[in-house]
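As structure tokens, the structure follows; a few thoughts come after it.
The values are calculated or read from the model by the stated rules, or taken from the named source; none is laboratory data. Only a predicted model underlies this, so the values are computations on that prediction, with no experimental measurement involved. Quick reminder, even Gly has a Cβ in these numbers, built from the backbone with ideal geometry, and neighbours come from all protein chains shown. These area figures cover heavy atoms from the full protein model, side chains too; ligands, DNA and RNA do not enter into them. Shrake-Rupley method; radii C 1.70, N 1.55, O 1.52, S 1.80 Å.
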Amino acid sequence: MRRMKVLVARRLPDGVEARMSALFDAALNPGDAPMPRTALIEALADSDVLVPSVANPVDAALLESAGPGLKLVANFGVGVDNIDLDAARTRGIAVTNTPGVLTEDTADIALALMLMAARRLGAGERTLRAGAWRGWGPTDQLGTSLTGKRLGIVGMGRIGQALALRARALGMHIEYHSRHRVEADVEARLEARFEPDMDAMLRQANFVSLHAPYSAATHHLLDRRRLALVGPHAFLINTARGAIVDEEALIERLETGAIAGAGLDVYTNEPHVDPRLLALENVVLLPHLGSATVETRTAMGMKVVENILALQEGRELPDRVA
Ligand code: DGY
């Protein structure tokens with residue numbers, strides 16, 4: 001059996017790289033140096049498989065310039081918005097992702113952002129580290145409770161459901177809006193109420209957390225008009241993709257206090273973060289950490305390996321999205 005020539009754009013966890021090298025003819029990136037587009041194109045000419053991640057746009061021009069040998073783009077990540085799926089389909093190149101394995105860790109980060117934003121944990125830690133803490137004070141650094149509050153989840157897939165489970169444990173009331181209503185037993189288990197009218201949910205929520213995949217259909221799903229429905233008592237949490245929110249409109253609302261605060265793990269132009277966000281105290285900012293644990297990143301890598309192995313052995317690709 002011919003070993004697949006695999007071009008890996010970023011450094012991956014050690015165990016994953018070892019498995020890749022054992023199974024495939026793998027070109028790794030041990031220094032994790034950003035691969036200039038020209039170098040990527042050059043290397044692609046002789047590759048069967050490309051392993052990109054969210055940080056590597058795989059657009060039509062890149063696929064066009066790849067040699068005829070490129071058969072699979074095995075994305076290291078569940079979101080495939082970095083890949084032009086139509087262009088891949090047109091050229092007969094399969095695309096796979098890594099679903100299921102980053103659910104719990106990403107939900108943890110959404111919950112962490114809710115707690116950090118509402119309880120002002122980032123601001124508190126900054127105060128302490130700056131040596132500005134004057135000691136306990138009855139009215140110092142007051143935040144907002146989560147217990148008893150309404151959480152509106154946009155997108156009730158795996159991660160949305162995992163967040164709902166966590167939020168129920170905190171005594172929050174769960175509402176969700178999603179393209180598809182989940183099964184009645186899931187709703188019952190999560191004590192989650194389906195709200196077909198997203199605007200109504202946004203008006204009433206104390207926390208809004210985004211868990212929809214990014215696509216043309218969800219670009220600026222929270223646009224200026226919808227953001228205006230989220231009240232001054234509410235926090236917006238985004239661990240999905242930056243461009244699901246109109247970042248400009250969000251910044252304006254944060255600056256004027258029209259929204260209580262935000263917890264963001266993702267941004268429109270990563271890794272660039274708008275300097276106005278950096279200056280705001282009512283927003284918590286993380287560097288796209290949703291899946292960033294040794295366990296999850298390893299599991300994601302092993303999913304990538306499984307998909308390439310299936311191609312090598314002529315089997316159906318387990319996580320094919322295009
Ligand atoms: C994902 O898997 O989509 C994460 O956001 C990292 O890319």
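For the stretch 46-77, give me each residue that is open to solvent by 60 Å² or more (accessible area, probe 1.4 Å), in contact (Cβ under 8 Å) with a residue 12 or more places away in the chain and within 18 Å of residue 311 (Cα to Cα).
Selection gives 46, 71.
Scan the stretch 81-101 and give yes if some residue there is over 30 Å from residue 38 (Cα atoms), in contact with a helix residue (DSSP H, G or I) (Cβ under 7 Å, 6 or more places away or on another chain) and not hydroxyl-bearing (Ser, Thr, Tyr), otherwise no.
Yes, the stretch 81-101 contains at least one residue that is over 30 Å from residue 38 (Cα atoms), in contact with a helix residue (DSSP H, G or I) (Cβ under 7 Å, 6 or more places away or on another chain) and not hydroxyl-bearing (Ser, Thr, Tyr).
Filter the stretch 179-198 down to the residues that are more than 17 Å from residue 165 (Cα to Cα) and in a helix (DSSP H, G or I) and list them by number.
Matches in the stretch 179-198: 198 only.
Of the residues in the stretch 57-75, how many are touching a Pro at 6+ places or on another chain (Cβ under 7 Å) and in a strand (DSSP E or B)?
Here the count works out to 2.
Take residue 282 and decide whether it is touching a Ser or Thr at 6+ places or on another chain (Cβ under 7 Å) and in contact (Cβ under 8 Å) with a residue 60 or more places away in the chain.
Judged against the criteria, residue 282 is not a match.
Residue-wise test of (1) polar (S, T, N, Q); (2) farther than 22 Å from residue 82 by Cβ; (3) in contact with a Leu (Cβ under 9 Å, 6 or more places away or on another chain).
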residue	(1), (2), (3)
263	no, yes, yes
275	no, yes, no
279	no, yes, no
296	yes, no, yes
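Of the numbered conditions (1) within 16 Å of the ligand (Cβ to nearest atom); (2) open to solvent by less than 60 Å² (accessible area, probe 1.4 Å); (3) farther than 20 Å from residue 74 by Cβ, residue 291 satisfies every one except a single condition; which is it?
If we test residue 291 against (1) within 16 Å of the ligand (Cβ to nearest atom); (2) open to solvent by less than 60 Å² (accessible area, probe 1.4 Å); (3) farther than 20 Å from residue 74 by Cβ, just (3) comes out false.
Can you name every residue in the stretch 242-282 that is aliphatic (A, V, I, L, M), assigned to a helix (DSSP H, G or I) and within 16 Å of the ligand (Cβ to nearest atom)?
Scanning the stretch 242-282 gives 243, 244.
Filter the stretch 51-104 down to the residues that are among the hydroxyl-bearing types (Ser, Thr, Tyr) and touching a Phe, Trp or Tyr at 6+ places or on another chain (Cβ under 7 Å), then identify the one that is farthest from residue 8 (Cα to Cα).
Looking at residues that are among the hydroxyl-bearing types (Ser, Thr, Tyr) and touching a Phe, Trp or Tyr at 6+ places or on another chain (Cβ under 7 Å), I get 98.
May I ask you to verify whether residue 187 is surrounded by fewer than 19 Cβ atoms within 10 Å (Cβ to Cβ), farther than 20 Å from residue 259 by Cβ, out of contact with any Phe, Trp or Tyr (no Cβ under 7 Å at 6 or more places or on another chain) and of a type in the set (D, E, K, R)?
For residue 187, the condition - surrounded by fewer than 19 Cβ atoms within 10 Å (Cβ to Cβ), farther than 20 Å from residue 259 by Cβ, out of contact with any Phe, Trp or Tyr (no Cβ under 7 Å at 6 or more places or on another chain) and of a type in the set (D, E, K, R) - is not met.
Identify, please: which residue in the stretch 78-101 is part of a loop (DSSP other than H, G, I, E, B) and open to solvent by less than 10 Å² (accessible area, probe 1.4 Å) and is, among those, farthest from residue 55 (Cα to Cα)?
In this case the residue turns out to be 93.
If you check every pair at least six apart or on different chains, which have Cβ atoms under 6 Å apart with a residue in the stretch 94-123 that is at negative phi and of a type in the set (Lys, Arg) first and a residue that is open to solvent by 30 Å² or more (accessible area, probe 1.4 Å) and more than 14 Å from the ligand (Cβ to nearest atom) second?
Hits for this filter: 119/143.
So residue 3 clears everything in (1) open to solvent by 40 Å² or more (accessible area, probe 1.4 Å); (2) part of a helix (DSSP H, G or I) except one condition, right? Which one?
All conditions pass for residue 3, except number (2).
Do we find a residue being surrounded by 20 or more Cβ atoms within 10 Å (Cβ to Cβ), more than 16 Å from the ligand (Cβ to nearest atom), of a type outside the set (A, V, I, L, M, F, W, C) and modelled with pLDDT of 95 or more anywhere in the stretch 209-219?
No: the stretch 209-219 contains no residue that is surrounded by 20 or more Cβ atoms within 10 Å (Cβ to Cβ), more than 16 Å from the ligand (Cβ to nearest atom), of a type outside the set (A, V, I, L, M, F, W, C) and modelled with pLDDT of 95 or more.
Would the stretch 121-136 turn up any residue that is under 30 Å from residue 225 (Cβ atoms), of a type in the set (Gly, Ala, Ser) and open to solvent by less than 20 Å² (accessible area, probe 1.4 Å)?
Within the stretch 121-136, one or more residues are under 30 Å from residue 225 (Cβ atoms), of a type in the set (Gly, Ala, Ser) and open to solvent by less than 20 Å² (accessible area, probe 1.4 Å).
Just wondering, is there one or more residues in the stretch 227-241 that are out of contact with any helix residue (DSSP H, G or I) (no Cβ under 9 Å at 6 or more places or on another chain), modelled with pLDDT of 95 or more and within 16 Å of the ligand (Cβ to nearest atom)?
The answer is no; no qualifying residue exists.
Given the conditions (1) loosely packed, with under 13 Cβ neighbours inside 10 Å; (2) basic (Lys, Arg); (3) over 22 Å from residue 209 (Cα atoms), and given that residue 179 satisfies all but one, which numbered condition is not satisfied?
Among (1) loosely packed, with under 13 Cβ neighbours inside 10 Å; (2) basic (Lys, Arg); (3) over 22 Å from residue 209 (Cα atoms), residue 179 violates only (3).
Listed here are the residues, each with its yes/no results for (1) at pLDDT 95 or above; (2) within 16 Å of the ligand (Cβ to nearest atom).
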position: 27; (1), (2): yes, no
position: 43; (1), (2): no, no
position: 48; (1), (2): yes, no
position: 53; (1), (2): yes, yes
position: 59; (1), (2): yes, no
position: 68; (1), (2): no, no
position: 74; (1), (2): yes, yes
position: 77; (1), (2): yes, yes
